[in-house]
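The values are calculated or read from the model by the stated rules, or taken from the named source; none is laboratory data. Just so it is clear, the model here is predicted, and its values are computed rather than measured. Cβ: placed from backbone, ideal geometry, glycine included. Neighbour counts: every protein chain shown. Ligands, DNA and RNA are excluded from the accessible area calculation, which covers all protein heavy atoms including side chains. Shrake-Rupley method; radii C 1.70, N 1.55, O 1.52, S 1.80 Å.
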Amino acid sequence: MSIQVYEGATLDCLRENPIEILRKMLLIRIFEEKVEELFLVKGMLIGPAHLYLGQEAIAVGICSNLKKEDIVITTYRGHGHAIAKGVSIKKIMAELFGKKTGTCKGLGGSMHVAIDVENGILYATAIVGSGIPIAAGIALANKYQGKNLVTVCFFGDGAVNTGAFHEGLNIAALWRLPVIFVCENNLYAMSTHISRSLSSKSIAERASSYNMDVFIVDGNDVLSVYKLARELVEKVRNGIGPFFIEARTYKMKGHGVYDPALYRDKEEVKRWLERDPIKLFKEKLIKENIITEREFENLRSEIVKEVEESIDFAIKSDYLEFNELYNLVWV
């Protein structure tokens, strides 16, 4: 099967208002910035949290092409996927605060916060690569049951070195399952640069050995991600698949809120920050006279208010009563 470099998409590819795409990306960004503040500055949140700062174009570009009932499998870096898939930020924030109004009733925390069955997110885990065969299994079940659903599995570059990666892609290709695998290659598996962890020429090359079409896309270009996702989602709905996307991107911060990422080269960081996906898309919309700088700032202010309301909701929500835990155990 082929490896294709996908690029050069224009605003014409969008099925929705481009400002709505910008809004989704900005909502993820501001939400994550506030979460970082709640951890590191205000000390109102504790525990691990892995932010999606810098990767917003991937979640929004792909999830904007999915139906509510389509399935998403994600990882511990799942805040962005949840928001892009339509999960209420009030529920997400409440989960981070450990409240019963959260996505997992306050029992999952940041690592599992994206799980929201109502919006099609069935699994979010800290076990690297483990979602890949699960996504294949869900796609198989949907195929057997004749459901015209698309399953999208997000994971990082570190997952391609796990056994689950190989097993999942192998079975998906053998049985031609309706699944799209999305590797968000942000160059670092925790603190290890991909040049020190990958023996293949690229992640795309490794995936192509499993007899499926593979695409390399600029993960900081929301239009290219959107157009590629739109085409692949349509193909999967028509019984063609699976597909693999290597979306090349970069984390704006370290592995988690606790990580200052001092191991990264300063020039490398500078180069990538100049390619901030929100900055790039905003500049394109301003150039096309779709939005002004003032309108952008007004949009940002609206979203800041929305995020602040989610914090207020989380603080005022109750914790799950201890006796209610018995109702959540399968016996």
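Starting from the Cα of residue 41, move 7 Å in the Cα-to-Cβ direction to define the label point; list residues of the range 312-331 whose amide nitrogen is under 19 Å from there. Backbone N within reach: 312-315. Projecting label points 7 angstrom from Cα along Cα→Cβ for residue 261 and residue 318 puts them 4.1 nm apart. Indicate the gyration tensor shape class of the range 114-176 (rounded, prolate or oblate), computed on the Cα atoms with a ≥ b ≥ c the square roots of the eigenvalues: a/c under 1.5 is rounded; otherwise a/b larger than b/c is prolate and the rest oblate. In terms of gyration-tensor shape, oblate.
Annotation: residue 230 carries an accessible surface of approximately 70 Å², with a 1.4 Å probe and no ligand, DNA or RNA atoms counted. Listed values for the range 82-98 are Karplus-derived 3J(HN,Hα) couplings in whole Hz (6.51 cos²θ - 1.76 cosθ + 1.60, θ = phi - 60°), namely 4, 5, 5, 8, x, 5, 4, 5, 5, 5, 5, 5, 4, 5, 5, 8, x, and x replaces Gly and Pro. Rolled with a 1.4 Å probe across the full set of protein chains, the surface gives residue 162 an accessible area near 30 Å². Relative contact order of the chain, taken over Cα pairs closer than 8 Å and 6 or more residues apart, is 25 percent. Remark: the range 21-29, residue by residue, has Karplus-estimated 3J(HN,Hα) of 4, 4, 4, 4, 5, 5, 5, 4, 4 Hz, where x stands for each Gly or Pro and the curve is 6.51 cos²θ - 1.76 cosθ + 1.60 at θ = phi - 60°.
Across the range 46-56, coupling constants 3J(HN,Hα) worked out from phi with the 6.51/-1.76/1.60 Karplus curve, θ = phi - 60°, read 10, x, x, 8, 10, 7, 9, 4, x, 10, 4 Hz, and Gly and Pro carry x. Within the full protein context, the accessible area of residue 271 is estimated at about 140 Å² for a probe radius of 1.4 Å. Distance between the pseudo-spin-label points of residue 141 and residue 279 (7 Å out from Cα toward the beta carbon): 4.3 nm.
Looking at the square roots a ≥ b ≥ c of the eigenvalues of the Cα gyration tensor of the range 150-275, which shape do they give, rounded for a/c under 1.5, prolate if a/b is larger than b/c, or oblate?
prolate
Over the chain, accessible surface divided per residue gives 45 Å², non-protein components excluded, 1.4 Å probe. Scanning residues 5 or more positions from residue 76 or on other chains, those with amide H under 5 Å from its amide H are 125, with H placed 1.01 Å from N in the peptide plane.
Among 48, 242, 277, the residue with the largest mean-square fluctuation in a Gaussian network model of the chain, with springs joining Cα atoms closer than 10 Å, is 48.
If you run the Gaussian network model on the chain, springs between alpha carbon atoms under 10 Å, then out of 83, 216, 127 the most flexible one is 127.
In the set [x] 18.3; [y] 17.3; [z] 13.8, the label that goes with mean projected area of the Cα convex hull in nm² computed for this structure is [y].
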